[in-house]
Number of protein chains: 2
Amino acid sequence: MILTVTPNPALDVTYTVPCFRPHTSHRVTGVATQAGGKGVNVARVLTALGRPARCVLPLGGPTGDAVRTELTAAGLDHAPVPIAGDTRRTVAVIDPTDATMLNEPGPVLDPAEWDALVAETRRHLPQAAVLVLSGSLPPGAPVDGYAQLVTLGRTFDIPVVLDADGPALLAALPARPTVIKPNASELTTATGLPDPHDAARTLLRRGAEAVLASLGADGLLAVDTHGAWRCAPPAAVTGNPTGAGDSTVAALAAGLSGNAGWSAILPDAVALSAATVLHPRAGHFDDAAYRRLRHSLTASRVGAVSPFAW
Amino acid sequence: MILTVTPNPALDVTYTVPCFRPHTSHRVTGVATQAGGKGVNVARVLTALGRPARCVLPLGGPTGDAVRTELTAAGLDHAPVPIAGDTRRTVAVIDPTDATMLNEPGPVLDPAEWDALVAETRRHLPQAAVLVLSGSLPPGAPVDGYAQLVTLGRTFDIPVVLDADGPALLAALPARPTVIKPNASELTTATGLPDPHDAARTLLRRGAEAVLASLGADGLLAVDTHGAWRCAPPAAVTGNPTGAGDSTVAALAAGLSGNAGWSAILPDAVALSAATVLHPRAGHFDDAAYRRLRHSLTASRVGAVSPFAW
């Protein structure tokens, strides 16, 4: 079982409008609601792939109830941690041009609630093959919150994947996450370096055992102490990129649970991510495109192997 | 007690953002949530004025639970009718320029649920001095839904105020509502006539006993078989106009419950409405401005009295 932890989950609300014009009134023609947050998307994709997954997440208030109802309806194994605050919403407004996102900050977790989230994670770790930690930390969580969870996962001797950014990411590196998954902009923000290779090596030096960087249309770059690997989709994929990174993490976690190497993980992750862009909703993917793409892609080694290069 | 019926209530969600730009991502800096829908706003204003009010409304799903929780927290007397669907949300995005509104259509009411709403209204009518019917009809409600409720209210021999528009308004006129409250645009839509006096007289001919038209900065126009009355605020009021019409209805209902005439109702309604524009949130008003304004305003009779003029 792959265990995902989503410290700041959301009820994702998607509105369709014929034409979105700010400072006017709109009658929403389509309303779709589902449980969201990066770790929930990862678990949703893994479940759709037939891979057992369970999500640990704090839930509270009426919005938390709505998240729980949807998780149950969708058949997603979940372990909620009750909190006093109301779980946040995100609102995506889709018109024929593009999406407009409104993200609530999330409820404040008090120290006891954070500790309960860690304890709930610990309770499920004996059954877990991989631990996935995804998304922002909620207000009130300790800045080293992900460091605590990485350390916890490593004591169970399983791979720990961390998909976070900013201070939450940097504070977790000394705990030695197995793989971190920044995108290009997160790499630059974390290191100040514009080149993804340079940035990835900097994050290795700070404690990550491997970096899987998602570079949009350029696909994925994996960097660890043995070298670097690349895999790109055959052509630019257009659609809804929300959740594409979560599908990358899902493929990565699935690969790590089977002890796969980069040459197997990268094509699978690029294919699943591209197939997610082709689906209009985050946490879902175009199954036919996924099956077609993953057999047409290969990973290639980048540059010379030198343990002293970084 | 003034009884309000809100067939299509909502959870009103208000987001504050520093600068709203379509097709970009926004971190919401402020989140405010309250029970909404026109009849709920009317009851909220009446309750703040110390006037007993009770709202009858269908509620369902997690969003319905959130509405109920807020009504209880706000001390609003409410009689919910359980429905299978999920109560709708409205989202208002406020930036320094203006508001952008996103209105969900609302859950479909099946015939039994509509009948339950009518039955719940009947149950409270023996204690009611005025019946207020406000807002859109939800999907699934019969087009003569308001006609049914107007007829029901009239059998209890109390004034019935109807604030609706379009087909729901037109279908209710033969049931002879005591006062309808269209705004300028609703008057024109309902009748095809640009002049508010002409439009109001047309609606009287179709069955309304009186028309209280809200004309924005021009204040209020009341027309009945005895003539017409006007009252305007002393100067243009700037602020958030959402809920101003509901405050007009609240003042009207309070006046009708005390058998007040237009000369008393109009200044009170204009003052309360203007004081609502001055408050940032719908269903709330600036109490000091209300008290100041209502003593400075008077209603004036418009035109000659002729029972044959219309």
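The values are calculated or read from the model by the stated rules, or taken from the named source; none is laboratory data. The structure displayed is predicted, hence computed values, not measured ones. Neighbour counts are summed over all protein chains in view; Cβ atoms, including those assigned to glycine, are modelled from backbone coordinates with ideal geometry.
Yes or no: the range A:180-191 includes at least one residue that is under 21 Å from A:Phe156 (Cβ atoms) and either crowded, with 18+ Cβ neighbours inside 10 Å or not hydroxyl-bearing (Ser, Thr, Tyr) (or both).
yes
I need the full set of residues from the range A:73-94 which are more than 28 Å from B:Val93 (Cα to Cα) and in contact with a strand residue (DSSP E or B) (Cβ under 8 Å, 6 or more places away or on another chain), in order please.
A:Ala74, A:Leu76, A:Asp77, A:His78, A:Ala79, A:Pro80, A:Val81, A:Pro82
Out of (1) in contact (Cβ under 8 Å) with a residue 40 or more places away in the chain; (2) away from chain A (no Cβ under 11 Å); (3) assigned to a helix (DSSP H, G or I), what's the single condition that is false for B:Ala66?
For B:Ala66, the exception is condition (2).
Please go through the range B:72-99 and pick out each residue that is within 20 Å of the chain's Cα centre (by Cα) and in a strand (DSSP E or B).
B:Asp77, B:His78, B:Ala79, B:Pro80, B:Val81, B:Arg88, B:Arg89, B:Thr90, B:Val91, B:Ala92, B:Ala99
Suppose the filter is assigned to a helix (DSSP H, G or I), away from chain B (no Cβ under 14 Å), among the small types (Gly, Ala, Ser) and surrounded by fewer than 18 Cβ atoms within 10 Å (Cβ to Cβ); does A:Ala119 pass it?
yes
How about the range B:34-60: which of its residues are assigned to a loop (DSSP other than H, G, I, E, B) and either in contact with a Lys or Arg (Cβ under 7 Å, 6 or more places away or on another chain) or aliphatic (A, V, I, L, M) (or both)?
B:Leu49
If the Cβ limit is 6 Å and pairs must be 6+ apart or interchain, which residue in the range A:133-149 that is on the phi < 0 side of the Ramachandran plot pairs with which residue that is basic (Lys, Arg)?
A:Ser134/A:Lys38
Within the range A:69-96, restricting attention to residues that are free of Cβ contacts under 8 Å to residues at least 40 places away in the same chain and facing chain B (nearest Cβ under 9 Å), which residue is surrounded by the fewest Cβ atoms within 10 Å (Cβ to Cβ)?
Checked the range A:69-96; the qualifying residue surrounded by the fewest Cβ atoms within 10 Å (Cβ to Cβ) is A:Thr69.
With B:Pro7, B:Pro22 as the choices, which residue is at pLDDT 95 or above, touching a Ser or Thr at 6+ places or on another chain (Cβ under 9 Å) and either of a type in the set (Phe, Trp, Tyr) or part of a loop (DSSP other than H, G, I, E, B) (or both)?
B:Pro7
Being within 28 Å of A:Gly153 (Cβ to Cβ), surrounded by fewer than 20 Cβ atoms within 10 Å (Cβ to Cβ), in contact (Cβ under 8 Å) with a residue 60 or more places away in the chain and of a type in the set (Val, Ile, Thr) is the requirement here; does A:Thr225 meet it?
Yes, satisfied.
Run down B:Leu170, B:Leu109, B:Leu152 and say which single residue is buried (at least 23 other Cβ atoms within 10 Å of the Cβ) and either assigned to a helix (DSSP H, G or I) or among the hydrophobic types (A, V, I, L, M, F, W, C) (or both).
Step by step, each of B:Leu170, B:Leu109, B:Leu152 is checked, and only B:Leu109 is buried (at least 23 other Cβ atoms within 10 Å of the Cβ) and either assigned to a helix (DSSP H, G or I) or among the hydrophobic types (A, V, I, L, M, F, W, C) (or both).
Is it the case that the range B:290-306 has a residue that's at pLDDT below 90 and within 20 Å of the chain's Cα centre (by Cα)?
no
Could you list all residues from the range A:97-108 that are at the interface with chain B (Cβ under 8 Å from one of its Cβ atoms) and in contact with a strand residue (DSSP E or B) (Cβ under 8 Å, 6 or more places away or on another chain)?
Within the range A:97-108, A:Ala99, A:Thr100, A:Met101, A:Leu102, A:Asn103, A:Glu104, A:Pro105 qualify.
Given the options A:Thr87, A:Thr47, name the one that is touching a helix residue (DSSP H, G or I) at 6+ places or on another chain (Cβ under 6 Å) and at pLDDT 95 or above.
After ruling out the rest, the residue left standing is A:Thr87.
Report whether or not B:Leu46 is away from chain A (no Cβ under 13 Å), free of Cβ contacts under 8 Å to residues at least 60 places away in the same chain and over 22 Å from B:Val93 (Cα atoms).
So B:Leu46 fails the test.
Is one or more of the residues making up the range A:8-31 surrounded by 22 or more Cβ atoms within 10 Å (Cβ to Cβ), away from chain B (no Cβ under 14 Å) and more than 30 Å from B:Met101 (Cα to Cα)?
no
Would you point out the residue of the range B:130-143, among those that are assigned to a loop (DSSP other than H, G, I, E, B) and buried (at least 18 other Cβ atoms within 10 Å of the Cβ), that is farthest from the chain's Cα centre (by Cα)?
Only one residue fits best here, namely B:Ala141.
Got a number for residues in the range B:248-303 being hydroxyl-bearing (Ser, Thr, Tyr) and out of contact with any Ser or Thr (no Cβ under 6 Å at 6 or more places or on another chain)?
6
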